[in-house]
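Below you'll find the structure, written out as structure tokens, and then a few comments.
The values are calculated or read from the model by the stated rules, or taken from the named source; none is laboratory data. Fair warning: this is a prediction, and the values are worked out from it, not measured in the lab. Here Cβ is always computed from backbone atoms with ideal geometry, including for glycine, and neighbour counts include all displayed protein chains. Protein only, heavy atoms only, side chains kept; ligands, DNA and RNA dropped before computing areas. Shrake-Rupley method; radii C 1.70, N 1.55, O 1.52, S 1.80 Å.
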Amino acid sequence: MPQDDRMTADLARLRRGVRRRRASTWDRTGRNDDFVTLAPGETAVLGEGEGPGQVTHLWCTLLAPDPWWGRTLVLRAWWDGEPSPSVEVPLGDFFGAGNGLVAPYSSALLECAPRDGLSLHSWFPMPFADGFRVTVTNEGPLPVLALYCYLDHELWDAPDPDLGRFHASWHRERRALPEGPDGTYAHAVNLTGADNYVLLDTEGEGQLVGTSLFVHSDLGGWYGEGDDMVFVDGDVWPPTLHGTGTEDCFGTAWSPSEAFARPWFGQPVADRADWAGFSSLYRWYVADPVPFSSSLRATLEHGHANDRAD
């Protein structure tokens, strides 16, 4: 895990009233079958508990014949007895392995480690005041032969009223371009953001702390001219935060086509030098989260002025 002063400054501070716990798939018979299997439609509980505390680390690996397990296995998490999950994301996409592709990379909050990127880690803190439940469901047509898991968490004497709850959502859009008035989109403009790809649209109080983006380009060509536009607390045009392009928003520059990973931003998958095929990016807003008090709508143009079908 990359080192950072904000992570190590309090290591010497005694944490009185904190009790470490772990849920895992260890073999209760005493043998070495330290995994669970998942038939199609079956759900495994990775961890659950009561009382205030937080999940500190989630690790998974698996043996699955379905090449699309990253999309067909779904991770869900509930905090404080809520009726609907605060986390509902395909397992691969949650760990940054989007489009069903696993590539080794290391960031401050998510990692896909050796062997072959199948050691899946999350370091996001996930607090709860009155219990938690985390599951994985096999929504695919083939069984999972082995799923291994650690769910490390801690319990506290009292909840912290200043801590929010961790949420993660996933969605996708297969976009078809409308026919332009002159057959090209060279002069297209976007002064409303109405057709942007929606990264997050939510109400309430919170802060945006990270985004993963997975792109599939059928025809190639640079996809990354799309500005990021974040509308905070009911913004009308222009948005509170308006950036200059997808690669800039995700911390890169000048149309990169190489894979790389840094603590707060990276591009684990860059399929081809002409940007055809698959690309994946992440950006963690650890030093610069986006707070909101009533609503947040985070969006991204499809190319310049929504002129691409990626």
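Of all residues assigned to region 15-27, at least one qualifies as being modelled with pLDDT under 95 and open to solvent by 100 Å² or more (accessible area, probe 1.4 Å).
Just one of the listed residues (69, 79) is in contact with a Lys or Arg (Cβ under 6 Å, 6 or more places away or on another chain) and open to solvent by less than 50 Å² (accessible area, probe 1.4 Å), and it is 79. All conditions but one from (1) over 21 Å from residue 264 (Cα atoms); (2) in contact (Cβ under 8 Å) with a residue 40 or more places away in the chain apply to residue 30; the one that does not is (2).
Please work out which residue is farthest from the chain's Cα centre (by Cα), limiting yourself to region 296-310 and to residues that are open to solvent by less than 30 Å² (accessible area, probe 1.4 Å) and not β-branched (Val, Ile, Thr). Walk me through it before giving the result.
Step one: list which residues in region 296-310 are open to solvent by less than 30 Å² (accessible area, probe 1.4 Å), which gives 296, 298-303, 305-306.
This time we only want the ones that are not β-branched (Val, Ile, Thr), so: 296, 298, 300-303, 305-306.
On the way: 296: 17, 298: 14, 300: 16, 301: 19, 302: 20, 303: 22, 305: 25, 306: 23 Å.
Here the answer is 305.
Apart from one condition, residue 134 fits all of (1) in a loop (DSSP other than H, G, I, E, B); (2) open to solvent by less than 30 Å² (accessible area, probe 1.4 Å); the exception is (1). For region 137-148, the set of residues classified as outside any strand (DSSP E or B) and surrounded by fewer than 19 Cβ atoms within 10 Å (Cβ to Cβ) consists of 139, 141, 142, 143, listed by residue number. Of all residues in region 272-295, those that are under 25 Å from residue 103 (Cβ atoms) and either touching a residue at least 40 places away in the same chain (Cβ under 8 Å) or open to solvent by less than 10 Å² (accessible area, probe 1.4 Å) (or both) total 14. Of the strands (runs of 3 or more DSSP E) lying entirely inside region 1-114, those containing at least 1 residues that are touching a helix residue (DSSP H, G or I) at 6+ places or on another chain (Cβ under 9 Å) span 53-63, 73-79, 87-90, 110-113.
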